[in-house]
Structures are given as structure tokens and as C-alpha cells.
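Following: one structure in C-alpha cells, then a few remarks.
None of the figures in this text is laboratory data; all of them are computed from the coordinates on show. Quick caveat: nothing in here was measured; it's all calculated off a predicted structure. Heads up, the Cβs are rebuilt from the backbone with ideal geometry, glycines too, and the neighbour counts pull from every protein chain shown.
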Amino acid sequence: MDHSRAPVLEALAAYHASGQTPFTPPGHKQGRGVDPRVAEVMGMDVFRSDVLATAGLDDRQSSGGILQEAEELMADAVSADRAFFSTCGSSLSVKTAIMATAGPGEKLVIGRDVHKSVGSGLVLTGVIPVWVDPTWDQERHLAHPPSVEAFAAALEAHPDAKGVLVVSPTPYGTCADLSALTRVCHEHGRPLLVDEAWGAHLPFHPDLPTWAMDSGADMCVTSVHKMGSALEQSSVFHLQGDRIDPSLLKARSDLLNTTSSSVLIYAALDGWRRQMVEHGHTIYDRALALAHHVRAAVDDIDGFHVYGHAEYDGLTADMDPLQVIIDIAQTGASGYLMADWLREHHHINIHLADHRRISAQLTHADDEKSAEALLTALRDLGAHAADMPPAEVRLPGDLRLEQVMPPRDAFFAEIEQVSVDEAAGRISAEMLTPYPPGVPAALPGERLTDDVLTYLTSGLRAGMVIPDAWDSSLKTIHVVKDQH
């Protein structure tokens, strides 16, 4: 296919060149109605290109198949059979993937280190999770993707499960053995779904972890805004094989997706694909060399240590070197405070922070200037780490909770609000998610324990953010009403 083409961008340029006057949404009419104070901050070009997709720029039924051509180019670029663009973010795409694989009351084998969007998807769909425990890194208090053996055991124990869902890479950059997991799934006649939100860049360089489609996975979902050049909320479904019906996926997607898709997002996705096909290998040669330099320089800072392949040997199949995960446990301070300090003193916003880590997400957009700003800030942080109060997050030996009710049943059950001191032993009716990275510590239907509640309350005091808690102070928890 001709990857010098960018059908959506070309159609947008033609739209501008034709001098059309819309009497349709968006109501700002290409920026003419925008408050000048808004335009001063955002720029007029954003509004000028914010045009109607359906019956404006393009739609499959009444226009020239522009979006369909862009999706076909995307699929070809990454060796998938089909690709579908979504402007609702991968949080909705993951829910759609669940709905395309299993229905209410049916089982899906899922790694328990999934994003909160999967928990929400279970509530919406009524799908029953068969949880597979992550591979726990005891030395670093860090969860990696579950082992292939653990998934295989779950499939053996639940032959009626409709498929498997795994997150790879994790927000910490560690990867599942997708090739081996695909073989296990297909031996059981089941599809493998990969939440590859952090892996949109993986197809474009051989020194990056293996791409889900190259591993034989049946479907993966990518967030191109995370590691690529697309806008926030951009997401792509990639399909191959015949285990998931693309027509069924499209029908399920239509239930959740907006009918007011953003041309801005479509255009950025289209342009990203062209950029990567034409220049991706060279771009990532440079990005990986820069990451190697940054990782080595940070590792030289007193009290800091950057995780590499050596730490993960035997625990994970691979890692993305662009995720610079920095262990700061030797300093005694918490990652939460360090993240706040970097923002306040150097205007540096880091990717993740937890009780003993901070991380910097590098992408193809970084260069020597941004890398030096990061290193200068981290060196200064290292010099001031001794002045910071110690981390006081109480991490239990076991964060896993027992799923005693389906998530949907618990979420919609009759509930009551109890003191956090009285919540242990009760069934959670809400999701409690330290964010980032957005992996729920408690899901609806799981039985709460003192250990997990102490972890969350001590983390909150230390700077952890739990945005989905009904009571942001975590003094109370919503639980299923005790019928006895």
C-alpha cells in the first residue's frame, strides 16, 4: 500500500481548500464563534480543523471511504488483518474488546494487574472474571504480567472461559511472553486479547519488545497518544485471524463509541502511521540511544537505581527501555513527594510515582535538550532527597483480595457506607484505584482486608491519589449491604 498517503489529512486539507461553509456542528463554526481569550491560549488552528466527520469530512456510507482507507493503511503498517480507529480512548476500547469476546454471565480469564477500565467493563457487561495473579517481584514490591503457566492453569480449570486478557507492557514497562501465551490460548481454542495501551510504538523497531500482532495475538488495543504522536483519547483496535469477528467488534463498538468522532484525533492517527512507516526505524534508533544515555546517567545518581533486564530475569519476558523506572528506596523518601518536588522546583512532570519509585517516560519526541532538563532535575532531587520525610506507606505481604461476588452484582447491589475501620471482611461495592498506574487495589465484589485498607489509607496520607473513591478522604467505604 502507498504509505506516503494520509487520507484523513488529505481530506482535511481539501475541506479547507474548498472553502466550505458548514451549517452543522461544531457550533463554533471552525473557530468563528470562539471567545478570543480561548483562542489566545489554544490557537485558532485547533478549531479550524475541528470539523464534522459524518457527512462533513467523511463517513463510510455517504462519502469516499476516507476513514476506511486510513484504517486499512494502519493495519498494513503493523501487520494486522484489520484496524479500527476510536476517538474514545483505550478505556472504552478495552470494554469493547471484552464485549466482543464474552457476554453477561460468561467467563473471561484476566490478569489481575489490569487497568481500572477492565473493572468498569466487567460492571457494564456482567462478564465473570477468572483472575490470574500477577508475577510478584518480592524484592522490589512490583507486579509483572502473570506467567504463561498461570494462564494455562486458569484455562484448564475453566474450560468454559471465552478467552484471555492480558496487559503488556505494563505501565512499568514489563512485558508478558505473548508468543507463548498465544500458543496456550490457541491450543484451548480461545482468543488472546492484549491491552497494549503502552505499546503503540512497538511495531516500528526490532529492539523494542515484540508487538502483539507479531506474537500471534488475536486482538490488541493501543493508546497511540501514550507513546506515539496522536492526540489524547486516540485508540486503535488491531485484529488478526478468525477467532474474533470484526463485524461483531464493530457492532459492540457502536454501543459505546461516540457518534461525534473527532476529526482531529483521526487525522493525528493517520499522520502518526505515515510518520512511523517512513521514518520510524530511524526515529527509534535515536530514541533508544537517548534512553540508554539517560538510564546510565540516572543510575549514577547517589541513591537512585534504574531497573533493567538484569532485575527482571525470570520474572518477565521483556521490558521497554523507554520507560525509565527509578528505584529511590535507598533515599528513604516516597516517590509521591519526589514527584511533587520535581514539579515545584523544576517544572518536570514525571510519569509514575509510588511508595518507592518514580519513572520518566521517554518517547521519540524527546531529544538531548529534554533529556538534559530531566537529568539536571533528577541530580538536584538526589541532592535534596535526604531533606524529605521518609515514606510511610504500609505495604502488606498480600494485596490480593478474594472475588466473592460478580463485579456487576456488587456494584448494583444495595449498599451502605461504613467506616474504613469497619470495612475489613465486607464486600466492596466500589473500585479503589491508586493512580497512576490505575490498577485497582479493590474491585466491586472483592472482600476487603485490613492489609489492603491499611495500604490505601497509609498511601493516601503519603500522597497517593485514589480518584475513584466515593469518599476521597477514604474515611468511609461503600460496601454491599449486610443482609444478615
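For the chain, what is the percent of antiparallel DSSP beta bridges, rounded to the nearest 5?
Here the antiparallel bridges make up roughly 70 percent for the chain.
Just list whichever of Lys107/Lys250; Lys95/Lys481; Lys226/Lys369; Lys95/Lys475 have alpha carbons separated by over 25 Å in the model shown.
In this structure, Lys95/Lys481; Lys95/Lys475 lie more than 25 Å apart at Cα.
Through the Karplus equation 6.51 cos²θ - 1.76 cosθ + 1.60, θ set to phi - 60°, convert the phi angles of segment 225-237 into ³J(HN,Hα) values in whole Hz; use x for Gly and Pro.
These are the phi-based 3J(HN,Hα) values: 6, 6, 10, x, 10, 8, 7, 3, 6, 7, 8, 9, 8 Hz.
Going by average Cβ density within 10 Å per residue, which order do the peptides 119-132, 371-384 take, highest to lowest?
119-132, 371-384
Percent of alpha carbon pairs in segment 280-387 separated by more than 16 Å?
Summing the P(r) tail past 16 Å for segment 280-387 gives 57 percent.
When you count, for each residue, the other Cβ atoms within 10 Å and take the mean per peptide, how do 142-154, 306-318 rank with the highest first?
The peptides rank, most packed first, as 142-154, 306-318.
Give or take rounding to whole Å, what are the principal axis extents of the alpha carbon atoms in segment 172-306, in descending order?
53, 41, 30
Per the Kirkwood formula on distinct C-alpha pairs, the Rh of segment 59-256 is how many angstrom?
Radius from the Kirkwood sum: 16.8 Å.
With a Förster radius of 56 Å, plug the Cβ-Cβ distance of Phe412 and His345 into 1/(1 + (r/R0)^6) and report the FRET value to the nearest 0.05.
0.75
Against the globular-protein guess of 2.2 N^0.38 Å, express the Cα radius of gyration of the chain as a ratio, rounded to two decimals.
1.00
Could you give the nm distance between label points at Glu149 and Met42, where each point is 7 Å from its Cα heading toward the beta carbon?
Roughly 5.4 nm, to one decimal.
Any idea what % of Cα-Cα pairs in segment 290-333 are farther than 16 Å?
Within segment 290-333, distances greater than 16 Å cover 40 percent of Cα pairs.
In the chain, which whole DSSP H runs stretch at least 20 Å along their own axis (Cα) and average -0.5 or higher on the Kyte-Doolittle scale?
Correct list, ordered by number: 263-299, 368-384.
Name the residue from Leu399, Gly459, Leu448 whose Cα lies farthest towards the positive end of the charge dipole of segment 395-484, charges +1 on Cβ of Lys and Arg and -1 on Cβ of Asp and Glu.
Of the listed residues, the answer is Gly459.
Sequence gap at least 6, Cα distance under 8 Å: using those rules, report the relative contact order of the chain to the nearest whole percent.
14 percent
Any idea how far apart Gln20 and Asp242 come out in nm if each label point goes 7 Å out from Cα toward Cβ?
3.9 nm
Note down the magnitude of the dipole of the chain about its Cα centre, charges +1 on Lys and Arg C-beta and -1 on Asp and Glu C-beta and zero elsewhere, to the nearest 20 debye.
About 1060 debye.
What Rg and what Dmax come out for segment 402-480 when only alpha-carbon atoms are used, in angstroms?
Cα radius of gyration and Dmax of segment 402-480 are 11.3, 33 Å respectively.
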